[in-house]
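Take a look at the structure set out below.
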Amino acid sequence: MKRYRRELSVTACLSALLLVLAVVAPAFFGRQQLLTTLTAAAPVLVAACGMTLVILTRQIDISIGSQFALCSVAAGLMAKAGLPMPLVVLGAVAGGAALGAFNGWLVAGLELPSIVVTLATFVTWRETLRWSREGEFVKDLADGFQWWGLGQGRGQAVILMGALGVFLIGVIFLKKVGAGRFFYAVGSDREAARLAGIRPAAVTFGAFVILGALVGVAAVLNAVRFADVDPKTGTGLEMQVIAAVVVGGVAISGGRGTLWGVLVGVLLLACIAPALVFLKLPPQWEKAIQGAIILLAVAADGEKGKSS
Amino acid sequence: MNPPALQIRTGSRSRPWLRSELLLLGVLIVESLVFARTGTHFATVGNALEILRLSVEIGLLAVVMTPVILTGGIDLSVGSLLGLCAVCFGKLWRDGGLAWPVAALATLGIGGMAGGLNAVLITRLRLPPLIVTLGSLSLFRGLAEAITRGVDNFTGFPPSFLMWGQGYFGGVIPAQAPLGIAVMIGVGLLVHATSLGRSLRAIGFSPEGARYAGVPVGRQITVVYLLSGVAAALAALVYVARVGQAKADAGTGYELLAITAVVLGGTSIFGGTGSVFGTVLGVATLAVLRNGLQLSDQPGELAGILTGVFLLTVLAGEMAFKKYSARRVASGMLQTSTASSKPASS
Amino acid sequence: MKRLLTFLTVVAAIVVSGCKPSAPDSGAPSGAASTAGGSAAKPLTIAFLPKSKGNAYFIAARQGAEQAAKELGVKLLYDGPTEPDPAKQNEIVETWITRGVDVIAAACENREGISTALRKAQAHGIKVVTFDADALPDARSFFVNQATPEGIGNALMDEAARLLGGTGEYAIITASLTAGNMIEWQKAIEKRNAEKYPGMKRMALRPCDDLKDKAFAEATAILNANPNVRLLMNICSPAVPGAAEAVKQAGRAGQVKVIGLGLPNENKRYVKEGVTDTVILWRVVDLGRLTVHAAAAVARGELKPGATEFSAGALGTFKVIGDNVLLGEPFKFTKDNIDQFDF
């Protein structure tokens, strides 16, 4: 049990929040609100699964918000050009994977520090996009774009199933598949992993490529909820995702954490913003409360570091 | 990390940061030469002083961020703290009725306290600095918004205060420049000429090693984050004096600019190596880039894109240097073993 | 190796010291000359400062500004902060002072903040006009006024009251809690509400960070948390389509009205579907065009204090009251007329 202390403390935090909401504002659990909250959280969860791999290998990627925007706009433009939806999805995922591979090459190939590399790509992609789109929405998309052309109800179901699918594959991959264990091995002791026959550089590169591809998936899952694409989309996504992953118990120093914890972390952060609306708290307190929750959730098991 | 590799790296030269600074100096010179051709009035003394004037706030944050990163830490909260301090200063002066020097002192105290909060969470609870300051980034900005309900904007400061951001000594030297240079020299001496500075680097290499060597690690780290908080407060005062107003959104995103400058200046993001002088060059390179592009009538987005490109180029260049000298070291092990004991032991 | 580095340092020092002293001789005097007031031979340089780049609203204004620059044969510089940030705006103005431009036309993110820099520009002989959002009066010659905060606030509140028949609950979505002119609009809306429409009640005010996706999430939460809210008033442009999408997905189109300040192109779909009732905005392209015309006229001494009318060429003649050039009333885009506009 002690191993999963963080997972438990965050679950307790989420339960407490949901309990308060159930008493004060039961409307939070209305079907439409719940569906919107969950479909909004789905892309974050998908990106967080990829981020978990990267953080497990003791790296970080702060460029995903910019990658997300590039993939969203690309998906929108492809849909507008009349490509069928499967090709749009494929294109966005391939684009994301390529962006991830670029980061991965710099980090794993050239051995540059990931935080700085992704800081650089974060600015570069965002500014390039701003330069080329100048803030203009991608409008007049084909009808088959929003909700995959399936209508709202079924479209939402597809989004949720997609995110859940990615999550479950991730859980099985990390737990049951040999290659999944490589990420933990490289993150906890690179040298030992190498001696055990793992190629740390290849694993690290793989983590960035998978993250990029998943960001592409997330971008599509998010974009199909709407009828047009805002090129500023994904601003601040990196903070949201990293906070969710870390709050969910993945150690920033690598090698420790589970996707179940990440799931709870994503849900906790996804509930805070709408919860504040339901609790009728003044909006100027929002950022302070968010910061305090992150610090509290992390501080709750901070003492653990001392004993080990 | 892996200490053996690091030792080889430091061993290859007594001051390993020097080469990244030279690389950066080259970049700075090349961009200056280019802008001198393309920019209108770029190569003038007036413009040089103006660049200096506009980079004091980022410079303050970046210079003090250097020791933070040297210890292997990071402080993401400085931009938000700048906003919080600006608002607190305005509140104390206008609503608290304090004279501005008193309010300014109190603001420096608030900055120190906020830095202390980061320090306590990092040293007492042993939490990673990245996570702690990610949380306090939200917290400080949130408090600034809560204090002002987002809408309050403090203005109408007395001329004796505004002078520090808008005035010129002798009509030429911007009033905030001596302040910035003094802090730069002070922190530079602290980092490079005192035992505290050496112990900071030791912590960056290996906190456990430093602890066994008798370095009071917790106390040193506390000092560094306290300084960072005070610097954010000082930058807030300069900001308010320059812009003439204090509002909750002041300093948004400044943390990334400061970190970019530090890393560009050759300080290793993992801690252990780096210099304040390099950071100053980093700040200058970025400031000249923004200024020069604008004077050449180029769009601002290009500055962002080139910042990323510079960052990657300088890092890759540094890595190439490192690999080259590591190969040299491998062929001349004897020389290395005598040199490597020097920086690590103190 | 060491020797090579030393050599490089020396070369660098020579280059630096060599290029610095020679420069002022060539740079400074010509700067004084160009700011002293455009001689007939040189075309005017007009610097156009938006609140932030990458914002469709200012792209539309720029479109008009460029058209006017072509009409007048002036050089137009367009630059601004990538995010709305008063300190960055100052920095850009300061650099333009160094560069030497003839006129600065600024949309001010923050009145007090930018005025410091604009006054400095005036002291260097640069003419200043403002548009979209004003600076302090002593920091500019003219303000091209598209609508006063009261005008905007009243138009929004009146439209809200009209749609709800004078009584009901509504909510506001704004960009951020700190954005300068949105705060003024909120105040004007509140004042109008208190004075004229006691039956209208504001239930929530939420920021959307100027992001459409976030506005959607906020709008959904507002509607579910306050089931009696009958109208969403959006005072930043990405929030209008965001809120409309939320109402549509909640299946409450028609029951919950959507109005706001936004661009016609981003809202056409929802206006035609009947989700969004009214989009209020001035003709932004004309605003940019008029601003550049006014800026050029100020620099050439054609628009002076005391004027009561200003003729902007093909664009038409505009009223001048005090030091404000008036663009005219805010415009209401509805189902009937929205197709006539493309910006």
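Check region A:134-147 and report whether any residue there is touching a residue at least 24 places away in the same chain (Cβ under 8 Å), more than 30 Å from C:Tyr78 (Cβ to Cβ) and in a helix (DSSP H, G or I). It would help to see each step written out before you state the result.
Looking only at region A:134-147, we keep the residues that are touching a residue at least 24 places away in the same chain (Cβ under 8 Å), and these are A:135-142, A:144-147.
Of the ones still in play, those that are also more than 30 Å from C:Tyr78 (Cβ to Cβ) are A:142, A:144-147.
Those still in the list that are in a helix (DSSP H, G or I) too: A:146-147.
Checked against the condition, which is being touching a residue at least 24 places away in the same chain (Cβ under 8 Å), more than 30 Å from C:Tyr78 (Cβ to Cβ) and in a helix (DSSP H, G or I), region A:134-147 yields at least one hit.
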Query - From the options A:Arg181, A:Arg225, residue that is among the charged types (D, E, K, R) and within 14 Å of chain C (Cβ to nearest Cβ) - result: A:Arg225
Query raised in the report: Within region B:229-251, can you find the residues that are farther than 13 Å from B:Phe157 by Cα, within 14 Å of another protein chain (Cβ to nearest Cβ), in contact with a helix residue (DSSP H, G or I) (Cβ under 6 Å, 6 or more places away or on another chain) and not aliphatic (A, V, I, L, M)?
Result: B:Gly251
Query raised in the report: In region C:57-91, which residues are of a type in the set (A, V, I, L, M), at the interface with another protein chain (Cβ under 7 Å from one of its Cβ atoms) and surrounded by fewer than 22 Cβ atoms within 10 Å (Cβ to Cβ)?
Result: C:Ile59, C:Leu77
Report task. Determine the pairs where a residue that is under 29 Å from A:Gly135 (Cβ atoms) and more than 8 Å from chain A (Cβ to nearest Cβ), located within region C:215-239, has a partner that is assigned to a helix (DSSP H, G or I) and among the aromatic types (Phe, Trp, Tyr) with Cβ atoms under 8 Å apart, the partner being 6 or more residues away or on another chain. Result -> C:Ile235/C:Trp185; C:Ser237/C:Tyr57
Query raised in the report: Filtering region A:142-151 down to residues that are buried (at least 20 other Cβ atoms within 10 Å of the Cβ) and on the phi < 0 side of the Ramachandran plot, which residue is farthest from the other protein chains (Cβ to nearest Cβ)?
Result: A:Phe145
Requested in this report: Among the numbered conditions (1) among the polar types (S, T, N, Q); (2) within 14 Å of chain B (Cβ to nearest Cβ); (3) under 19 Å from the mean Cα position of the chain (by Cα), tell me where C:Thr95 comes up short.
Outcome: (3)
Requested in this report: Within region C:202-214, count every residue that is more than 8 Å from every other protein chain (Cβ to nearest Cβ) and either crowded, with 24+ Cβ neighbours inside 10 Å or in contact with a Gly (Cβ under 9 Å, 6 or more places away or on another chain) (or both).
Outcome: 2
Report summary line: The lone condition C:Pro198 fails out of (1) in a loop (DSSP other than H, G, I, E, B); (2) within 14 Å of another protein chain (Cβ to nearest Cβ); (3) surrounded by fewer than 20 Cβ atoms within 10 Å (Cβ to Cβ) is (2)
Query raised in the report: Counting residues that are farther than 22 Å from B:Pro178 by Cα and within 14 Å of chain C (Cβ to nearest Cβ), which helices (runs of 4 or more DSSP H) fully inside region B:40-157 reach at least 1?
Result: B:78-94, B:129-148
Report task. Name the one entry in B:Ala248, B:Ala303, B:Ala236, B:Ala326 that is among the hydrophobic types (A, V, I, L, M, F, W, C), surrounded by fewer than 24 Cβ atoms within 10 Å (Cβ to Cβ) and in contact with a Ser or Thr (Cβ under 7 Å, 6 or more places away or on another chain). Result -> B:Ala326
Query raised in the report: Got a number for residues in region A:277-301 being touching a Cys at 6+ places or on another chain (Cβ under 7 Å) and surrounded by fewer than 17 Cβ atoms within 10 Å (Cβ to Cβ)?
Result: 0
Query raised in the report: Among C:Arg300, C:Arg289, which is the only one that is within 30 Å of C:Pro137 (Cβ to Cβ), basic (Lys, Arg) and out of contact with any helix residue (DSSP H, G or I) (no Cβ under 8 Å at 6 or more places or on another chain)?
Result: C:Arg300
Query raised in the report: Going through region C:122-135 one residue at a time, which ones are within 14 Å of chain B (Cβ to nearest Cβ), closer than 20 Å to C:Ala61 by Cβ and modelled with pLDDT of 90 or more?
Result: C:Ala135
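Let's see how each residue does on (1) within 18 Å of B:Ser20 (Cα to Cα); (2) at pLDDT below 95; (3) at the interface with another protein chain (Cβ under 9 Å from one of its Cβ atoms):
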{"residue": "B:Gly274", "(1), (2), (3)": "yes, yes, no"}
{"residue": "B:Gly282", "(1), (2), (3)": "yes, no, no"}
{"residue": "B:Arg290", "(1), (2), (3)": "no, yes, yes"}
{"residue": "B:Leu311", "(1), (2), (3)": "yes, yes, yes"}
{"residue": "B:Leu315", "(1), (2), (3)": "yes, yes, yes"}
{"residue": "B:Ala326", "(1), (2), (3)": "yes, yes, no"}
Report task. Residues being within 14 Å of chain B (Cβ to nearest Cβ) and out of contact with any helix residue (DSSP H, G or I) (no Cβ under 6 Å at 6 or more places or on another chain): count how many of those fall in region A:85-109. Result -> 3
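Among the candidates B:Leu81, B:Leu117, single out the residue that is farther than 17 Å from B:Thr260 by Cβ, surrounded by 24 or more Cβ atoms within 10 Å (Cβ to Cβ) and either touching a residue at least 24 places away in the same chain (Cβ under 8 Å) or among the aliphatic types (A, V, I, L, M) (or both).
B:Leu81
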Requested in this report: Give the number of residues within region A:239-280 that are within 14 Å of chain C (Cβ to nearest Cβ) and on the phi > 0 side of the Ramachandran plot.
Outcome: 1
Query raised in the report: List, please: which pairs have Cβ atoms under 6 Å, are six or more places apart or on different chains, and start with a residue in region C:171-186 that is in a helix (DSSP H, G or I) and end with one that is of a type in the set (S, T, N, Q)?
Result: C:Gly180/C:Asn110; C:Met182/C:Thr174
Report task. Consider A:Leu34 carefully, then state whether it is aliphatic (A, V, I, L, M) and either farther than 24 Å from A:Ala270 by Cβ or touching a residue at least 60 places away in the same chain (Cβ under 8 Å) (or both). Result -> no
Query raised in the report: Out of (1) surrounded by fewer than 24 Cβ atoms within 10 Å (Cβ to Cβ); (2) touching a Ser or Thr at 6+ places or on another chain (Cβ under 9 Å); (3) within 14 Å of chain C (Cβ to nearest Cβ), what's the single condition that is false for B:Ala175?
Result: (2)
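Kindly indicate the residue of region C:264-281 that is without any contact (Cβ under 8 Å) to a residue 40 or more places away in the chain and surrounded by fewer than 21 Cβ atoms within 10 Å (Cβ to Cβ) and also nearest to the other protein chains (Cβ to nearest Cβ) among those meeting that condition.
Out of the qualifying residues, it is C:Arg269.
The values are calculated or read from the model by the stated rules, or taken from the named source; none is laboratory data. From a predicted model like this one, the values you see are computed outputs, not experimental measurements. Cβ: placed from backbone, ideal geometry, glycine included. Neighbour counts: every protein chain shown.
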